[in-house]
1. Are any residues in region 326-354 hydroxyl-bearing (S, T, Y) and out of contact with any Phe, Trp or Tyr (no Cβ under 8 Å at 6 or more places or on another chain), and if so, which ones?
2. Would you point out the residue of region 252-281, among those that are aliphatic (A, V, I, L, M) and over 20 Å from T150 (Cα atoms), that is farthest from ligand 2 (Cβ to nearest atom)?
3. Restrict the check to region 266-284 and report whether at least one residue is farther than 18 Å from L158 by Cα and more than 16 Å from ligand 1 (Cβ to nearest atom).
4. Is there any pair linking a residue in region 282-310 that is more than 28 Å from I92 (Cβ to Cβ) and more than 16 Å from ligand 2 (Cβ to nearest atom) to one that is modelled with pLDDT of 95 or more and hydrophobic (A, V, I, L, M, F, W, C), with Cβ under 7 Å and at least six apart or on different chains, and which?
5. Listed residues G146, G161, G136; which is at positive phi, loosely packed, with under 14 Cβ neighbours inside 10 Å and assigned to a loop (DSSP other than H, G, I, E, B)?
6. If I ask for residues that are under 17 Å from A230 (Cα atoms) and in contact with a strand residue (DSSP E or B) (Cβ under 6 Å, 6 or more places away or on another chain), which ones from region 247-273 would you list?
7. Could you list, in sequence order, the residues of region 164-180 that are assigned to a loop (DSSP other than H, G, I, E, B) and surrounded by 19 or more Cβ atoms within 10 Å (Cβ to Cβ)?
Amino acid sequence: MRRRCLFLASRAAKERLLLARTSPAAKALSSAAVSTEHQTYDTLPPPAPSESTSSQAPSSATFAGGVELPLTSSLHIVKAESQPRWPVYRVIDTDGALVPGAMEPELSTELAMHMVTCMVRLRVMDHIFYNAQRQGRISFYMTSTGEEATQICSAAALSGGDTVFGQYREPGVLMWRGFSLQNFADQLFSNTDDLGRGRQMPVHYGSSKLNFQTISSPLATQIPQAVGAAYALKQQKLAQVVACYFGDGAASEGDFHAAMNFAATLECPVLFICRNNGYAISTPVEDQYRGDGIVSRAPGYGMAAIRVDGNDALAVFAATQEARRLALAENRPVLLELMTYRVGHHSTSDDWSRYRMTEEVKDWQSHNDPLRRLLAYLHAKGLCDADMEQAMRDTERLAVMAALEAAEKKGPPPLQSMFEDVYRDMPQHLLEQRAEMLAHVAKYPDKYPQGRGH
Ligand SMILES: Cc1ncc(C[n+]2csc(CCOP(=O)(O)OP(=O)(O)O)c2C)c(N)n1
Ligand SMILES: [Mg+2]
């Protein structure tokens with residue numbers, strides 16, 4: 001009976017196709033055929049035998065794609081809220097103590113100390129550049145306060161050859177890879193040493209040398225691009241993955257869903273690293289989605305996934321390391337949802353006090369700070385104490401101030417550079433535009449800052 005049913009269904013489909021091909025008017029008939037088919041479908045099979053009364057009833061059947069699916073006679077609509085919540089993987093608790101039963105990842109003293117140094121550096125850098133924006137020295141800035149572990153400890157588990165596609169709140173990944181404080185400062189001032197030559201907003205960093213694709217402002221565009229890059233790596237049989245970072249808000253974009261499905265079906269070695277920091281500017285996650293965060297979407301795409309305490313440096317490191325191993329070994333995407341909290345404003349154009357309570361922010365700062373947790377863990381191991389931490393802060397403060405002051409003194413990139421870097425040989429129309437612009441600047445020197453265009 002099952003075969004007969006499938007046969008009739010496919011015959012109906014063929015008839016529809018033929019009808020649709022014969023005449024435009026047939027479209028109406030074609031849709032009528034659909035409803036007929038539905039009725040036929042409903043009436044043809046025998047009533048589903050109740051599981052308790054017939055031991056002869058098949059327990060499964062083959063459906064689209066040739067998959068064998070279990071059958072049930074119980075009419076039961078599954079509600080998302082009845083599904084169990086995804087647990088959060090944690091290695092150290094909020095006091096930095098090892099969680100009972102957790103395995104410590106293999107982490108050399110050198111690596112652990114480099115992690116903490118980078119976390120301190122990022123925090124100090126954020127503090128100083130945020131204030132520089134408030135003083136009007138730079139036009140825009142975004143801080144990562146509270147999210148340092150998601151960036152630095154995931155980056156620590158990647159290989160330098162892996163390509164990174166970031167959103168905008170991942171300077172720690174670049175920092176881990178060796179982007180210097182001077183590189184950051186030069187980009188923020190759009191000066192002549194800015195690797196992007198002043199063509200991007202502040203914080204939209206990029207570095208081809210460090211395999212970090214330049215940030216773009218429109219949300220989620222990097223996600224399908226990352227999948228394409230991962231597919232290319234796979235085709236070239238390179239033992240590398242792509243790490244793609246994005247926020248909980250970006251995961252609401254259509255690009256996110258398209259990218260997930262492509263990555264799963266094309267079996268691409270890509271790590272989707274979602275920083276779930278509770279907000280997309282002023283929109284809290286309660287208004288962003290109705291499911292269990294971002295991680296719960298992975299099984300729907302046929303994708304491996306893990307939810308991680310993003311403020312636990314060791315958990316982020318271990319989970320990313322294992323996800324990378326899996327992505328490479330099995331050529332498959334892995335989604336990581338790193339649960340964290342955005343302590344600062346969304347950006348210097350935002351004011352968080354308009355949409356959240358001070359107590360909420362203070363609570364995260366005092367009870368769940370990723371840097372405090374890692375420092376406490378290292379302190380217990382005798383690797384770091386308060387004096388060392390203070391010395392680190394002092395060193396980094398001096399280094400950031402030196403980079404800022406040097407960047408501020410540098411002039412802007414030459415005006416004619418805006419015509420470069422797209423074509424190897426500049427086409428005629430750009431040559432003409434460049435000449436016209438230079439002639440204009442030469443004619444009105446008092447209207448343009450000194451040094452520009454020369
Ligand atoms: C396509 C698009 N829509 C809207 C925006 C404006 N916008 C910039 S950042 C942002 C919030 C993104 O939140 P999330 O992805 O959670 O990242 P977070 O800022 O929390 O790190 C929005 C809505 C944009 N840049 N691009
Ligand atoms: Mg967010």
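The values are calculated or read from the model by the stated rules, or taken from the named source; none is laboratory data. Keep in mind the model is a prediction, meaning the values are calculated, not measured. In this analysis, Cβ positions are derived from the backbone assuming ideal geometry, glycine residues included, and neighbour counts consider all displayed protein chains.
1. T340, S353
2. Going residue by residue through region 252-281, those that are aliphatic (A, V, I, L, M) are 258-260, 263-264, 266, 270-271, 273, 280-281.
Applying the additional criterion that residues be over 20 Å from T150 (Cα atoms) yields 258-260, 263-264, 266.
Details: A258: 20, A259: 18, M260: 18, A263: 21, A264: 23, L266: 27 Å.
It comes out as L266.
3. Within region 266-284, the first condition is being farther than 18 Å from L158 by Cα, and the residues that meet it are 266-267, 276-284.
Now narrow it down to the ones that are more than 16 Å from ligand 1 (Cβ to nearest atom): 266-267.
The answer is yes; a qualifying residue exists.
4. That search, which allows pairs on different chains as well, returns Y301/M260; Y301/A264; G302/A264.
5. None of the other options fit; the residue is G136.
6. A263, V270, L271, F272, I273
7. Across region 164-180, the qualifying residues are G166, Q167, Y168, R169, E170, F179.
The rows are residues; the columns are (1) under 30 Å from S154 (Cα atoms); (2) not in a loop (DSSP other than H, G, I, E, B); (3) not assigned by TED's automatic domain parsing to the domain that holds D309.
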residue: T72; (1), (2), (3): no, no, yes
residue: P84; (1), (2), (3): yes, no, yes
residue: C118; (1), (2), (3): yes, yes, no
residue: R123; (1), (2), (3): yes, yes, no
